[in-house]
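Asks: Once you've had a glance at the structure underneath, I'll fire off some questions.
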Amino acid sequence: MAAPRPASNVYTFRDARAVPDPVHEPQLDGAAVLVLDNGSFQLRAGWAGAGPSMQLRSVIARSRGGARSLSRVGNDIPSLEPLRWLLRTPFDKNLPVNLELQELLCDHVFQRLGVTSQGCVDHPIVFTEAPCTPLHVRQMMSELLFECYRIPKVSFGIDGLYSLYHNKKEAMPPSAIVISSGYHCTHVLPILNGRLDGKNCRRMNIGGFHAVTYLHRLMQLKYPGHVPAITLSRMEEILHEHCYVPDDYMEELHKWRCPDYYEENVHKMQLPFSSKLLSSAVPSEEKQERRQQQLRRLQELNARRREEKLQQDQERLERLLYVQELLEDGHVEQFHKALMELNMDSAEELQSYIHKLSMAVEQGRQRVLGDSIDSKPQTPETVGGETEDMEGISELEPLDSEEQMEPEKTMTSVQPMFNIAEYHQMYLGTERIRAPEVLFQPSLIGEDQAGLAETMQFVLDRYPQEVQQEMVQNVFLTGGNVMYPGIKARMEKELLQMRPFGSTFQVSLASHPVLDTWKGASDWAIQNLVTNEGWISRKDYEEMGGEYLKEHVASNRYTAIRLPKPAPRSAAPANSQETESVPQSNTGAAPS
């Protein structure tokens, strides 16, 4: 016999609603640094040296008119679900490519942070960007900051490296592997001599967004009757609070096949429902009173219908008697004309119709007076092509049947067989591990790319064994998509399988994978505020252009790459396969 399910297995959705960001006090210190962690899921902003004052979703709800006054940004949108079809984001995967929407986000942040500079933002800014950001994207961001907001200087840095800087700033490792997993992408970043090795960085197009959409499809297929209630926001809540990463995925699936294990670990999510549908809340006496009221209303309705029918029959009978009197008085022409209007052929047919209608009028009078009430349905009589209205007589019959005789039996025998609260519950079983597993097995969602363990192995294989050994001593996990319970143990097991026998390694997790990026950028800004290292001034922007980048400990690096030169069209086919390599600037950074 299976053990009883603990009550703690039932969870309710919080369905948290966003609260608009307040307007903070103005910052009067002109040397204060603004730190913006510009993530594709959330934007975190605040003044360096303090905690992040704002955390908002990087989305804008815009009406079809496109007017800026009708746009709502981030936390000004209480719930995303009613406006999903209106939501826009400046990001394509993890790169901000829509400059207009990015400007709306920045306007919102600067206004709520209390920036009071007239026509400009007179504060240095630390801005995060993705690894190996294309030069065109950095050029657009530099143009926005320097031309639109007229900032004095800016520094660009990689989110994952800022998180490493915050967690390891007292003993920054010279060699490391940083795994940064966000909403749309996951990066494997090798660190050599304290700086990013841009040539060997690798990106996976897998992140929290793919896990959420995969879980969304799984639950909609499992519960087709609750599709409207299975929203992306609720799936994000499930992913953040109920999913985990097992040490061995296949072994964990075998555990879930055991009924006892399933009963102990299944999470039941309670969907909202209306308690008015519960029939057990209505006592039998009240239900009986309702039946009696319905019976009285139905009797009154039938009485009114009979009175109206009787009145109509009397008026028609009087008209027919008037036509018959025309014949008796000798008005033959008027009689035949009236007979044609009545669609009758002879006086005999008129006499027969008058006789039947007189009987119907007499019966109607008796029913109205209550002299003869028949509770059984009768076959309606046809009078001249018209059928007597007998509606309501047969409807009274079920009220005198088993419902009145055995009301208690219906309540006790039917109600316990169906619990409407359990009908509105979703059972989370293997879905708790299937959604996060897409990070290690992208093939689960049909993606033809390597998983996290294979990608890390590919990056390590590009270095000599001595360098690999140094890197694996500092494997650092950061980003919002590494907050699943058990992910650190899973990475340790993956490293144990791929590393040689007897070798050592060390895996560490960011203290706060979401906020450590902002905190690391704040730490770096305070430490390097008075220096020129890593800061791009307005003079540098005007001289070097928007693609210009100054390198620092957490920045992208200039990396020369060689692209094949296309063969000229006039070349012979035999020589068209030969290419000449020329040095080109990579997508990571321009030289400092």
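Asks: Met359 to Val227: FRET efficiency via 1/(1 + (r/R0)^6), r the Cβ-Cβ distance, R0 51 Å, to the nearest 0.05?
Replies: About 0.30, to the nearest 0.05.
Asks: Sticking with this structure for a sec: Sort 443-455, 481-493 for me by packing, meaning the mean count of neighbouring Cβ atoms within 10 Å per residue, highest on top.
Replies: In descending order of packing, they fall as 481-493, 443-455.
Asks: Another question, then. Which trypsin sites (Lys or Arg not before Pro) in region 23-65 sit in a loop by DSSP (not H, G, I, E or B) and have at most 11 other Cβ atoms within 10 Å of their own Cβ?
Replies: Answer by residue number: Arg64.
Asks: Still on this structure, I have one more. Once the convex hull of the C-alpha atoms of region 30-119 is built, how many Å³ does it hold per residue, rounded to a whole number?
Replies: 116 Å³
Asks: Hey, could you pull the Cα Rg and Dmax for region 122-171, both in Å?
Replies: 12.8, 39
Asks: How many percent of all Cα-Cα pairs in region 107-260 sit more than 28 Å apart?
Replies: In whole percent, the share of Cα-Cα pairs in region 107-260 beyond 28 Å is 48.
Asks: Moving on. Over all directions, how big on average is the projection of the convex hull of the alpha-carbon atoms in region 430-580, in square nanometres?
Replies: Result: 16.2 nm².
Asks: How high is the FRET efficiency from Ser284 to Arg17, r the C-beta distance, R0 60 Å, rounded to 0.05?
Replies: 0.90
Asks: Give the calculated FRET efficiency between Arg217 and Leu86 to the nearest 0.05, with a Förster radius of 35 Å applied to their Cβ-Cβ distance.
Replies: 0.95
Asks: State the extension gain, in nm to one decimal, for the chain segment bounded by Gln294 and Gln312, taking 0.36 nm per residue of separation less the distance between their alpha-carbons.
Replies: 3.8 nm
Asks: In addition: From Cα pairs below 8 angstrom and at least 6 apart in sequence, can you work out the relative contact order of region 92-206, rounded to a whole percent?
Replies: Contact order relative to length: 21 percent.
Asks: Here are some pairs, Lys168/Lys488; Lys199/Lys565; Lys199/Lys550; Lys255/Lys519; Lys488/Lys519; Lys199/Lys488; which of them have Cα atoms lying more than 29 Å apart in this structure?
Replies: Correct reply: Lys255/Lys519.
Asks: What lysines does Lys309 reach when the alpha-carbon gap must be under 25 Å and sequence neighbours fewer than 8 apart in one chain are set aside?
Replies: Within reach: Lys356, Lys376.
Asks: Sketch the reach of a paramagnetic label on Met544 as a point 7 Å from Cα along Cα-to-Cβ, and name the residues of region 185-226 whose backbone nitrogen lies under 19 Å away.
Replies: Label zone hits: 195-199.
Asks: Something else now. Can you tell me, using C-alpha contacts under 8 Å and at least 6 residues apart, the relative contact order of region 138-234 as a whole percent?
Replies: 16 percent
Asks: Take Ile445 and Lys169, extend 7 Å from each Cα along the Cα→Cβ direction, and tell me the distance between the two endpoints in nm.
Replies: The modelled label-to-label distance comes out at 3.4 nm.
Asks: Could you tell me what percent of the accessible area of region 221-270 is made up of carbon and sulfur, with a 1.4 Å probe and every protein chain present?
Replies: Carbon plus sulfur share of accessible area: 57 percent.
Asks: Could I ask something else about it? Of the listed peptides 313-321, 141-149, what is their order by residue-averaged count of other C-beta atoms within 10 Å, with the highest listed first?
Replies: The densest-packed peptide leads the list: 141-149, 313-321.
Asks: While we're looking at this one, here's another question. What is the distance, in nm, between label points placed 7 Å from the Cα along the Cα-to-Cβ direction at Asp248 and at Lys488?
Replies: Inter-label distance under the simple model: 2.3 nm.
Asks: Let me ask another. Per 0.36 nm of contour for each residue apart, how much would the distance between Glu264 and Ser79 grow if the chain were fully extended, relative to their Cα-Cα spacing?
Replies: Extra length available between Glu264 and Ser79 comes to 63.3 nm.
Asks: Pull up all non-local amide H partners of Val10: gap of 5 or more, or a different chain, and H-to-H distance under 5 Å with H placed in the peptide plane.
Replies: Amide H neighbours of Val10, under 5 Å, 5+ apart: Lys268.
Asks: Next question, about the same structure. Hey, could you pull the Cα Rg and Dmax for region 420-465, both in Å?
Replies: Rg, Dmax (Cα atoms, Å): 17.5, 63.
Asks: Any chance you could run the full-extension gain for Arg562 through Glu349? It's 0.36 nm times the residue separation minus the Cα-Cα distance, nm to one decimal.
Replies: Here the answer is 65.9 nm.
Asks: Among 157-166, 494-503, 347-356, how do they line up by average Cβ neighbours within 10 Å per residue, starting with the highest?
Replies: The packing order, highest mean first, is 157-166, 347-356, 494-503.
The values are calculated or read from the model by the stated rules, or taken from the named source; none is laboratory data. Since we're looking at a predicted model, the values are computed, not measured. Here Cβ is always computed from backbone atoms with ideal geometry, including for glycine, and neighbour counts include all displayed protein chains. Just so you know, the surface numbers come from the protein's heavy atoms only, side chains and all, with ligands and any DNA or RNA stripped out. Shrake-Rupley method; radii C 1.70, N 1.55, O 1.52, S 1.80 Å.
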